Amino acid sequence: MDKVEQGNMVSSAKGRKLVWFMFLMFLVSTLNMADRQIIGIVAEPIKREFGISDTLLGLLGGTAFALVYPPLGLPIARLADRFNRRNILSFCLGFWSLATAACSLATGFWWLLLARIGVAGGEAGYAPCSHSLIADSVDEKRRATAFAILVTGISAGGFLASALGGYVAQHYGWRYAFLAIGLPGLLVALLLRFTLQEPERVAAPTGATAWHVYRRLLRNRAFSWCVSGSALHLVVTYGLGAWAVVWFVRGHDMSLAAAGLALGALGAIAGALGSVCGGLVGDRLALIDRRWLGWWPAITVLVAALVGAPAFLTRDVNFAIAGVTLAVFLNALYQPSTYALVQSVAAPSERASAAALMIFFQNLVGLGFGPVAIGIASDLMTPGLGKNALGLALAAVFLFNIGASIAYLQSARFLNDKGE
């Protein structure tokens, strides 16, 4: 066997390992979003059984996560920058899967709240570990595309929660929906632990303290503006994830199974296409000018607001579904470039910390504020508008995309060849 053949075999083996690695990252991302979103799919039957308000549903869908997920992600990230990320991620996946299944045993609001906090605690390890693993496994020129695959898992997770969760809840009850979504994660956690190799780090961990690392990142204006833009945008994204299916059940008189299947299937396709297109376009534009990593998200989130808001104000259900689907596609375009920008300005030994810091602000603002703000607005407007109040609250949340667009433009302004 000559050297050329040996080189081809090595290259082929590396390619297969990379495909398997990205497939596992896709599955982890899918389960991460499915376990997070299922509460929004079954919110209406939970509301009826426990007799709780939209505000409390918003707390379950968002604030319960925001109180735990962002702050816990920071210390987990520091562990991931120093120890085996594969092991940390597989443990976290198993933990949040069990916590999701435990939601099925809830006897009231407080039990369900504690179980959701458990889901948040496990999922806090998802982004720091997965982002760092990808950054050390994929060449920088293809990193936005790799993150696009990861983000596609978010769309698949939304579909899994909406379609499977909606069907199971409709026919067997909302408790079984939590079991159907949560238990498969235990198998994936085992696959992750025993079939994936920890990649070699590009750079060894430094002796810098966590505070020093976070302070350096926050002083980088390209990083801080990018994170601000994504956090504002996620107020919209998490708000829609928590309330869109509820709106079509409540405002358009669709069944839970039909609304879950329609929005889940169309949203998954639109989100996946948006993620892939966002990654491919983002990579190509960044080769022309690196500032497109900020310009591209700025354009897409602004257009998404112009398309998405009217979809929640119309009484035509077909127009509404079409508008929401297009908005999901546009909303997904921003994410691969955002992740690539954050990883490009972080030092190799700080990548998990950079991802965790981004997730901290994204979830503190987006997840912590989006779902509950829509719930509060709906409760306040319901006496005067009835069931239309929720639709108006969903339309109004798109205003946050305007602020996100401005922040992304600022990020691009400060993004030069050194990311400073």
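The values are calculated or read from the model by the stated rules, or taken from the named source; none is laboratory data. Being a predicted model, the structure only gives us computed values, none of them experimental. Positions of Cβ are backbone-derived with ideal geometry, glycine not excepted, and every protein chain shown enters the neighbour counts. These accessible areas exclude ligands, DNA and RNA; they are computed on the full protein's heavy atoms, side chains included. Shrake-Rupley method; radii C 1.70, N 1.55, O 1.52, S 1.80 Å.
Residues being within 21 Å of residue 201 (Cα to Cα), aliphatic (A, V, I, L, M) and without any contact (Cβ under 8 Å) to a residue 40 or more places away in the chain: count how many of those fall in the stretch 103-145. Explain how you work it out, then say what you get.
Residues of the stretch 103-145 that are within 21 Å of residue 201 (Cα to Cα), as a first pass: 125-145.
Now narrow it down to the ones that are aliphatic (A, V, I, L, M): 127, 133-135, 138, 144.
Adding the requirement that they be without any contact (Cβ under 8 Å) to a residue 40 or more places away in the chain leaves none.
So the answer is 0.
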- request: Tell me, yes or no, whether the stretch 161-168 has at least one residue that is open to solvent by 30 Å² or more (accessible area, probe 1.4 Å), modelled with pLDDT of 85 or more, hydrophobic (A, V, I, L, M, F, W, C) and in a helix (DSSP H, G or I).
  value: yes
task: Kindly check whether there is at least one residue in the stretch 385-407 that is polar (S, T, N, Q), under 15 Å from residue 234 (Cβ atoms) and open to solvent by less than 30 Å² (accessible area, probe 1.4 Å).
output: yes
message: Quick test of your reading of the structure: residue 364 fulfils all but one of (1) within 30 Å of residue 135 (Cα to Cα); (2) surrounded by fewer than 23 Cβ atoms within 10 Å (Cβ to Cβ); (3) at pLDDT 90 or above. Name the failing condition by number.
response: (3)
message: So for the stretch 339-353 (the condition being open to solvent by 20 Å² or more (accessible area, probe 1.4 Å), among the hydrophobic types (A, V, I, L, M, F, W, C), out of contact with any Leu (no Cβ under 6 Å at 6 or more places or on another chain) and modelled with pLDDT of 85 or more), does at least one residue qualify?
response: no
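Among the residues of the stretch 233-254, is there at least one that is within 17 Å of residue 131 (Cα to Cα) and either modelled with pLDDT under 85 or in contact with a helix residue (DSSP H, G or I) (Cβ under 9 Å, 6 or more places away or on another chain) (or both)? Steps first, please.
First pass over the stretch 233-254, keeping only residues within 17 Å of residue 131 (Cα to Cα): none.
No, the stretch 233-254 contains no residue that is within 17 Å of residue 131 (Cα to Cα) and either modelled with pLDDT under 85 or in contact with a helix residue (DSSP H, G or I) (Cβ under 9 Å, 6 or more places away or on another chain) (or both).
From 224, 255, which residue is under 29 Å from residue 368 (Cβ atoms), more than 17 Å from the chain's Cα centre (by Cα) and surrounded by fewer than 22 Cβ atoms within 10 Å (Cβ to Cβ)? Talk me through it step by step, then tell me what you get.
Working: 255 fails: under 29 Å from residue 368 (Cβ atoms).
Of 224, 255, the one residue that is under 29 Å from residue 368 (Cβ atoms), more than 17 Å from the chain's Cα centre (by Cα) and surrounded by fewer than 22 Cβ atoms within 10 Å (Cβ to Cβ) is 224.
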- request: Any chance you could count how many residues in the stretch 137-160 are modelled with pLDDT under 75 and part of a loop (DSSP other than H, G, I, E, B)?
  value: 1
- request: Filter the stretch 291-323 down to residues that are open to solvent by less than 50 Å² (accessible area, probe 1.4 Å) and not aliphatic (A, V, I, L, M) and give me whichever is nearest to residue 247 (Cα to Cα).
  value: 312
message: For the stretch 65-116, give me the residue count where each residue is closer than 21 Å to residue 242 by Cβ, outside any helix (DSSP H, G or I) and open to solvent by less than 10 Å² (accessible area, probe 1.4 Å).
response: 1
query: Which condition breaks for residue 120 when tested against (1) assigned to a helix (DSSP H, G or I); (2) more than 21 Å from the chain's Cα centre (by Cα)?
result: (2)
- request: List every residue pair whose Cβ atoms sit under 9 Å apart, with the two residues 6 or more apart in sequence or on different chains, where the first one lies in the stretch 389-408 and is under 22 Å from residue 296 (Cβ atoms) and the second, anywhere, is outside any helix (DSSP H, G or I).
  value: 398/312; 404/334; 408/334
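Which residue, of 58, 51, 40, is under 15 Å from the mean Cα position of the chain (by Cα) and over 19 Å from residue 359 (Cα atoms)? Full working, then the answer.
Values: 58 fails: under 15 Å from the mean Cα position of the chain (by Cα); 51 fails: under 15 Å from the mean Cα position of the chain (by Cα).
Of the residues listed, the single one that is under 15 Å from the mean Cα position of the chain (by Cα) and over 19 Å from residue 359 (Cα atoms) is 40.
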